[in-house]
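The values are calculated or read from the model by the stated rules, or taken from the named source; none is laboratory data. Just so you know, these numbers come straight off a predicted model, no measurement behind them. Neighbour counts are summed over all protein chains in view; Cβ atoms, including those assigned to glycine, are modelled from backbone coordinates with ideal geometry.
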Amino acid sequence: MKSASLSVALIIALAGLPVQAKDTVRIAFIGPLTGGVSANGLGGRNSADLAVRLRNADAKTPYTYELVVLDDECKPNVGVQVATKAAADNGIVAGVTHYCSTVAMAAVEVYRKFGLPVVVWGAVLPDITYASDYKEVHRVNGTMINQNEAAARFMTGLKFKRWAVIHDTTDYGKGHNKYFSEDLAKSGGQILGTFGVTADQQDFSAELTKIKELKPEVIYFAGLTPIGVRIRSQMDKLGVKAVFQGTSGIVSDAFIEGLGPLAEGVVAFREGAPAEKLPGGRVFLDAYTKQKYPDDPEAYGPFAFAATTLVMDAIDKVGPDRKKVRAELNRTRDYDSIVGKITFDDHRQNAVPLITKFVVQDGKWLVWEDSDYASGKRALVKK
Amino acid sequence: MIAPVWPALVALLVSTAGVLGLLLAEQQWAVIAIVIAAGVAMLMATRMGWDDRIRRSGGTHARTVSGVAVALVIGMTFVLREHNFALLMLCTVLLTIVAGLGLTIQFGHAGVVNFAGAAFFGIGAYAAAVLANKTALPHPLVILAGGACAALIGSVLVLPLLRTRGHYAALITIAFGILFKTFLEVNDALGGPQGLKVPGFVLFGHAFNDPIAIDDETEWSFYLAYAGLSLVIAAAAYVLVRRLERSWIGLAFDAVRLDETAAAAFGVNVAAWKIAAFSIGNFLIGLAGAAYAMMTGFVAPTSFTFGDSLILVSIVILGGLGNALGLVPAALIVVLLPEKLQVIQEYRFLLFALLVIVILLVRPGGLLPRPMRDYSAGESR
């Protein structure tokens, strides 16, 4: 009798087990954890880790997730190495990968070869999604293209018509010039002249004198803070009266410190948004703080969080099978995430990425909507 | 007394097993166990005088032992035939050894400093990228051309290198390395900072990037073909360096390194031998770079920084300056260990650096210091 009741108890206990024991599914996170941009990599890693922890804490989900974290050192050769490690491991179902553009460019070939679906969380070069048509590669964050599309639409919306363009001759400046010019043409703006300058040029009087004759309403500058500061201050000396419009490269405190009051009314655009301005930003930041990570999430942390959540939702839905997960990710449309709605276009690029408009007001970069310029108290062009 | 052959064979077998275990180790404890076992074996070998016996037996039966070594590596690649990642790491180790062989001739034999190893590696890589993309040159020639380009561009440095010594010569190569990276970044024809794609290696119509289909069920990794390629290059480079070292050329290199004045007094043309060592070394480094670029399929300036040059130099020093054989364990440690330590994420380089310091504390002359020249009977041929 005793043994019978014991075995009954055992059977009950065993029958109860499968309900509790969930299958473990492994997903990879790849980013630069060491080297010059490691702050961004660590922020992304922590954010992805946070997404996994929150998911695992939820008893209703079908799987337990394990995040396999790999360091690409922001070097393409190491990137190919770790991408191969993740992609060749059949136990890994999907990846949340790359902050550095060159690394992503090298690694997409590997994902293609091994059929590992990945979601890029931080690299901005358009070519990662647009130069090839790999069904494995998705991206939640915006690119230069999105930034300039938003910039062109916004500025023409403010009734500006005539631009002059100054760009530095690096990849960054050239890329921005290309996409902004294309988008501006579509939005009905006109470019009177385009000037390429080297990234360490000191004197811009030749370019600015020409520009003064052209009488543009806006000077579009594609480059980084140091020469941005020089151009803006030399504009003032030469009496060039135009709105100064920059790219993400000048959205820094150093820009305002370098210019003082001259920075007032400068506008610029950047992918993403300050975390607290994101649709789910507060929740994300609270959860992040609760985990006591030693590093900040940085600008792209929320994207890593959103990408990880997106991948886990896809796996929850179709099961841990690379092909099915790939198809599910390809289909993503109007997906609610903390960075806003995610919809992939025909190249699996998030089509509605977040671009924030900034303006300098009283020595601070303010989000446009919060500024006196938006409310009409101040105007970019002084009457 | 002629030394028996078995100590060298046993040492080879044990180390092959260890490397295979390390390549396949997935669990952290396995990696740690293998590292500790290797450390213990190393210590025991020193204490009990095994390493001396192994060296003598290896020297006496050089041909048999090298034959067995090559056979073991081939066997190892075969065991790994379906493990893509392990094969990629194996290829990386082999090609790093080739680059290390180039630096061994420069640093270890002729005493020519070169802190721009990664730059010459990069020249080979970019040469391969451009030639394979833009020309129809057969790919084996592309790889040779990668080496030739590195040697040729290196000749720009010859004049300043001959005029300077010691720290100043080192500074020149460092400056060259930085110059190279900056040049790539501003040069749009070479892809700028974003880098270039490199087509895969093709030999007699067989694309190395295609997996090797055996039947419907089994597919062997495409890295198997690259492993073969890397092994051929590594073996050829190794034989070349060993032969050079044993020949009168190697003697001249040693004379130049040890005392330039004395060498010149004995009629050794110091400048000519320095140029020779520098060019042969750069050729080997460029060769490795070209093969590596075709394998990984992508080149970008950030892969060829001063830091990467230092890593190459550290491999040569860790292995035992001037000893080609020492490169094998050193490359394994420097290439494989950081990779195997991925689990500890951002702290892995910390632990790795500590380990290297510990090794040099225990063995100040490197893992396998270069032995004295031994022309006694048995080792000849």
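Is there a residue being touching a residue at least 24 places away in the same chain (Cβ under 8 Å) and under 15 Å from A:F303 (Cβ atoms) anywhere in the stretch A:357-375?
Taking every residue of the stretch A:357-375 in turn, none turns out to be touching a residue at least 24 places away in the same chain (Cβ under 8 Å) and under 15 Å from A:F303 (Cβ atoms).
Kindly establish whether A:A107 is in a helix (DSSP H, G or I), touching a residue at least 60 places away in the same chain (Cβ under 8 Å) and touching a His at 6+ places or on another chain (Cβ under 7 Å).
So A:A107 fits the description; yes.
State whether one or more residues within the stretch A:48-57 are within 14 Å of another protein chain (Cβ to nearest Cβ) and either crowded, with 24+ Cβ neighbours inside 10 Å or modelled with pLDDT under 90 (or both).
yes
Suppose we filter the stretch B:281-301 for residues that are buried (at least 24 other Cβ atoms within 10 Å of the Cβ) and either at pLDDT below 90 or more than 13 Å from the chain's Cα centre (by Cα) (or both); how many remain?
9
Let me confirm something: among B:G100, B:G59, B:G75, B:G39, which residue is surrounded by fewer than 18 Cβ atoms within 10 Å (Cβ to Cβ), modelled with pLDDT of 85 or more and more than 14 Å from chain A (Cβ to nearest Cβ)?
Selected residue: B:G75, the only one of B:G100, B:G59, B:G75, B:G39 that is surrounded by fewer than 18 Cβ atoms within 10 Å (Cβ to Cβ), modelled with pLDDT of 85 or more and more than 14 Å from chain A (Cβ to nearest Cβ).
Output the residue which, of all residues in the stretch B:269-296 that are of a type in the set (S, T, N, Q) and assigned to a helix (DSSP H, G or I), is nearest to B:L244 (Cα to Cα).
Checked the stretch B:269-296; the qualifying residue nearest to B:L244 (Cα to Cα) is B:S279.
Restricting to the stretch A:91-104, what's the tally of residues that are closer than 20 Å to A:V52 by Cβ and either in a helix (DSSP H, G or I) or over 15 Å from the mean Cα position of the chain (by Cα) (or both)? Outline the logic, then answer.
Here is the first cut: in the stretch A:91-104, the ones closer than 20 Å to A:V52 by Cβ are A:91-99.
Then drop every residue that is not either in a helix (DSSP H, G or I) or over 15 Å from the mean Cα position of the chain (by Cα) (or both), which leaves A:91-95.
Residues flagged as closer than 20 Å to A:V52 by Cβ and either in a helix (DSSP H, G or I) or over 15 Å from the mean Cα position of the chain (by Cα) (or both) within the stretch A:91-104 amount to 5.
Somewhere in the stretch A:165-181, is a residue of a type in the set (G, A, S), away from every other protein chain (no Cβ under 14 Å) and more than 24 Å from A:L354 (Cβ to Cβ)?
no
State yes or no: is A:V82 in a helix (DSSP H, G or I) and within 9 Å of another protein chain (Cβ to nearest Cβ)?
Here the answer is yes, as A:V82 does meet what is asked.
Each row is one residue, and each column tells you yes or no for (1) farther than 29 Å from A:A263 by Cα; (2) in the same structural domain as A:A87 (by TED's automatic domain parsing); (3) surrounded by fewer than 21 Cβ atoms within 10 Å (Cβ to Cβ).
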{"position": "A:F305", "(1), (2), (3)": "yes, yes, no"}
{"position": "A:T308", "(1), (2), (3)": "yes, yes, no"}
{"position": "A:D321", "(1), (2), (3)": "yes, yes, yes"}
{"position": "A:A327", "(1), (2), (3)": "yes, yes, yes"}
{"position": "A:D334", "(1), (2), (3)": "yes, yes, yes"}
{"position": "A:S337", "(1), (2), (3)": "yes, yes, no"}
{"position": "A:H347", "(1), (2), (3)": "yes, yes, yes"}
{"position": "A:D362", "(1), (2), (3)": "no, no, yes"}
{"position": "A:L380", "(1), (2), (3)": "no, no, yes"}
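Pick out the one residue from A:V137, A:V165 that is under 27 Å from A:P226 (Cα atoms) and modelled with pLDDT of 90 or more.
The conditions single out A:V165.
Determine if the stretch B:329-343 includes at least one residue that is at pLDDT 90 or above, within 14 Å of chain A (Cβ to nearest Cβ), farther than 22 Å from B:A41 by Cα and part of a helix (DSSP H, G or I).
no
Does B:A225 satisfy being hydrophobic (A, V, I, L, M, F, W, C), farther than 18 Å from B:M89 by Cβ and more than 17 Å from the chain's Cα centre (by Cα)?
The answer is no for B:A225.
What is the one condition in (1) closer than 25 Å to B:S314 by Cβ; (2) free of Cβ contacts under 8 Å to residues at least 60 places away in the same chain; (3) crowded, with 21+ Cβ neighbours inside 10 Å that B:A86 does not satisfy?
For B:A86, the exception is condition (2).
Answer yes or no as to whether B:L184 is in contact (Cβ under 8 Å) with a residue 40 or more places away in the chain, surrounded by 15 or more Cβ atoms within 10 Å (Cβ to Cβ), under 29 Å from B:L94 (Cβ atoms) and within 14 Å of chain A (Cβ to nearest Cβ). Walk me through how you get there before you give the answer.
Numbers: in contact (Cβ under 8 Å) with a residue 40 or more places away in the chain: yes; surrounded by 15 or more Cβ atoms within 10 Å (Cβ to Cβ): yes; under 29 Å from B:L94 (Cβ atoms): yes; within 14 Å of chain A (Cβ to nearest Cβ): yes.
Against the criterion (in contact (Cβ under 8 Å) with a residue 40 or more places away in the chain, surrounded by 15 or more Cβ atoms within 10 Å (Cβ to Cβ), under 29 Å from B:L94 (Cβ atoms) and within 14 Å of chain A (Cβ to nearest Cβ)), B:L184 qualifies.
State all residues of the stretch B:160-180 that are modelled with pLDDT of 85 or more and charged (D, E, K, R); if no residue qualifies, say none.
Across the stretch B:160-180, the qualifying residue is only B:R163.
Here is a yes/no grid of residues against (1) of a type in the set (S, T, N, Q); (2) touching a strand residue (DSSP E or B) at 6+ places or on another chain (Cβ under 7 Å); (3) in contact (Cβ under 8 Å) with a residue 40 or more places away in the chain:
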{"residue": "A:E136", "(1), (2), (3)": "no, yes, yes"}
{"residue": "A:A152", "(1), (2), (3)": "no, no, no"}
{"residue": "A:T170", "(1), (2), (3)": "yes, no, yes"}
{"residue": "A:G188", "(1), (2), (3)": "no, no, no"}
{"residue": "A:T209", "(1), (2), (3)": "yes, no, no"}
{"residue": "A:V240", "(1), (2), (3)": "no, no, no"}
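Select from the stretch A:58-76 the residues that are touching a strand residue (DSSP E or B) at 6+ places or on another chain (Cβ under 8 Å) and within 14 Å of chain B (Cβ to nearest Cβ) and write down the one among them that is nearest to A:M105 (Cα to Cα).
A:P76
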